[in-house]
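Accompanying notes for the structure given below.
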Amino acid sequence: MIGVTVLGSTGSIGVNTLDVIERHSDRYQVVALSANRNVGRMLEQCLKFSPKYAVMADEQAAEDLANKLREKGSDCEVQWGVDGLIHIAALAEVEAVMAAIV
C-alpha cells in the first residue's frame with residue numbers, strides 16, 4: 001500500500017485525488033488530510049477514509065473538527081497550522097504527497 005497525504009483535500013483537486021484513491025483502494029491508503037476551514041467536508045472525508053491525521057488551517061476549525069470526530073468515535077488526530085502541514089507531509093509512512101494548496 002502506498003501511503004498518501006492530501007494537502008487541500010476539500011478543494012476540487014483534493015476531492016478528485018480522493019476519488020482516484022478510492023477507486024484504487026487496493027493500492028493507496030490515505031494517511032493524512034488537510035483543509036483550510038471546511039470542517040463539514042473534512043469531517044465527511046475523515047469518516048470515509050479514516051486517516052491517522054487531519055490538519056486544519058486555523059485553530060478554531062481544528063477544535064471544531066476534533067470535537068465532531070470524537071462524537072463520531074474517530075481516533076483521528078487533529079492538528080492545525082503550518083506545523084501540522086509540515087508534520088503530515090513528512091510522515092515516514094507517507095510515500096506520496098498531493099499538494100493541492102497555495
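The values are calculated or read from the model by the stated rules, or taken from the named source; none is laboratory data. None of these values were measured; they are calculated from a predicted model. When we count neighbours, we look across all protein chains shown, and the Cβ atoms used for this are built from the backbone with ideal geometry, even at glycine. Surface accessibility is based on the protein's heavy atoms, side chains included, excluding ligands, DNA and RNA. Shrake-Rupley method; radii C 1.70, N 1.55, O 1.52, S 1.80 Å.
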Enter the accessible area per residue of the chain (Å², integer; probe 1.4 Å; all protein chains in place).
-> 57
Among the range 79-102, those whose backbone N falls under 12 Å of a label point 7 Å along Cα→Cβ from residue 36 are 101-102
Read-out Kirkwood radius over Cα pairs in Å, candidates (i) 13.0; (ii) 14.0; (iii) 14.4; calculated match is (i)
At a 1.4 Å probe, what is the % contribution of carbon and sulfur to the accessible area of the chain?
-> 49
Place the peptides 51-59, 3-11, 36-44, 69-77 in order of packing, highest mean first, counting for every residue the other Cβ atoms within 10 Å and averaging per peptide.
-> 3-11, 51-59, 36-44, 69-77
Other-chain or far-sequence residues with amide H under 5 Å of residue 77's (modelled H) = 53, 54
The aspartates and glutamates whose Cα lies under 19 Å from the Cα of residue 48, excluding any fewer than 8 residues away in the same chain, are 19, 22, 26, 64, 71, 75, 77
Yeah, the range 37-83 with a ≥ b ≥ c from its alpha-carbon gyration tensor (a/c under 1.5 is rounded, else prolate when a/b outruns b/c, oblate otherwise) is prolate
